[in-house]
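Engineer: The following block contains the structure, expressed as structure tokens.
Every number in this text was worked out from the coordinates using simple rules, so none of it is lab data. Predicted model only: the values in this text are computed from it and were never measured. Heads up, the Cβs are rebuilt from the backbone with ideal geometry, glycines too, and the neighbour counts pull from every protein chain shown.
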Amino acid sequence: MSSHSDRVRPRFPAAVYNQGAEPDPRFTLANERTFLAWITAGLALISVGVGLQALAITIQPTFRLVAAGLLMLAGTVCPTLAWRSWMRVETALRASRPLPSAVMTPFLVVTLTLAGALLLVGSIVTAGAG
Amino acid sequence: MTQEPVVWDAGLQPERTALAWHRLGLAIAALALILTKVIWPVLGAFALLPTSTVLILAISVAVLGRRRYAHHNHALRTGRGHLPDGRLPVLVVVTTTLIALSGALLTL
């Protein structure tokens, strides 16, 4: 039992690895890529938010500020949501249960729609004033 | 006759995962450069300190992703040991959240 003790290190997080059986490694790898894609998406949201403010794009300042704030808020919570999602998927894979419903996708849809609408209205207001 | 390279999976899953880690490193590096543009007018040359820190983080992510790939490959080919666990991912979550927060605080 302890003959392989040099290789046996409890895997983190225990909440995921304490249950179920080893899934097909390809599914685990796909789950990891999805997680990384969401992290990258979060960084992109931050980049756009920072860029909007830093480059002083000519959009009505209040609309621009709210849109940038929304994007940066979304980008900040994105990694935590991605981690939660990774844990839930990995747990479902180990238990051979159906995958949980997508939470991240509606989150991104709402954020981008709101930010896009704000920037569109802000651009129209600026164009009208100019 | 050339020898066929042996891959564990015809769908190249480990390789695609390694590329995803590299992409994340690139995204962090890109954000580091954008943040530099924001803090340079305020901090001047001192801006190089946070910039180089984040750039080092970006390189670390790519390198650690590479090592994770080696680990994946070893575990999959030998059938011994497990795939890497959630330690590096959770470290990435903490790091990117901190970078995101500082970006938001510097800008707003």
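Engineer: I'd like the trypsin sites (Lys or Arg not before Pro) in region B:1-105 restricted to DSSP loop residues with at most 11 other Cβ atoms within 10 Å, sorted by number. Let's see the in-between values first.
Structural biologist: Numbers: sites: B:16, B:23, B:37, B:66, B:67, B:68, B:77, B:80, B:87; in loops: B:80.
Those that pass, being in a loop and sparsely packed, are B:80.
Engineer: Something else now. Once fully extended, how much extra length lies between residue A:57 and residue A:9, figured as 0.36 nm per residue of separation less the alpha-carbon to alpha-carbon distance? It would help to have the intermediate numbers written out before the result.
Structural biologist: Values: separation 48, 0.36 × 48 = 17.28 nm, distance 5.12 nm.
Length gained between residue A:57 and residue A:9: 12.2 nm.
Engineer: When only alpha-carbon atoms count, how far does region A:23-129 stretch along each of its three principal axes, as whole angstroms with the largest first?
Structural biologist: Cα extents, longest axis first: 59, 22, 17 Å.
Engineer: Additional query: Using Cβ contacts closer than 10 Å as the measure, can you line up B:85, A:24, B:9 from fewest to most?
Structural biologist: A:24, B:9, B:85
Engineer: Separate question: Going by C-beta contacts inside 10 Å, put A:90, A:22 in order with the fewest on the left. Display every interim value, and only then the final one.
Structural biologist: Working: A:90 24, A:22 11.
In increasing order of surrounding Cβ atoms, one gets A:22, A:90.
Engineer: With each label point set 7 Å from Cα along the Cα-Cβ vector, what nm distance links residue A:19 and residue A:66?
Structural biologist: With each label point 7 Å from Cα toward Cβ, the separation is 4.2 nm.
Engineer: Relative to the present Cα-Cα distance, how much length would full extension add between residue B:29 and residue B:42 at 0.36 nm per residue of separation? Mind dumping the intermediate values first?
Structural biologist: Numbers: separation 13, 0.36 × 13 = 4.68 nm, distance 2.05 nm.
Going from the current span to full extension adds 2.6 nm.
Engineer: Taking every pair of alpha-carbon atoms in the protein assembly as shown, what share in percent sits in each 5 Å bin, from 0 to the bin with the longest distance?
Structural biologist: 1, 6, 12, 15, 15, 14, 11, 9, 7, 5, 3, 1, 1, 0, 0, 0
Engineer: Hey, another quick one. Considering every residue in B:22-29, what mean count of other chain Cβ atoms within 10 Å of its Cβ is obtained?
Structural biologist: Numbers: counts 1, 5, 6, 1, 2, 9, 3, 0.
Shielding by partners across B:22-29 averages 3.
Engineer: Expressed in whole Å with the largest first, what are the equivalent ellipsoid semi-axes of region B:15-107 derived from the C-alpha gyration tensor as the square root of 5 times each eigenvalue? Working shown, then result.
Structural biologist: Values: eigenvalues 209, 28, 17 Å².
Working through the eigenvalues yields semi-axes of 32, 12, 9 Å.
Engineer: Continuing with the same structure: Quick one: B:17, A:58, fewest Cβ neighbours within 10 Å first, how do they rank?
Structural biologist: Values: B:17 22, A:58 12.
In order of increasing Cβ crowding within 10 Å: A:58, B:17.
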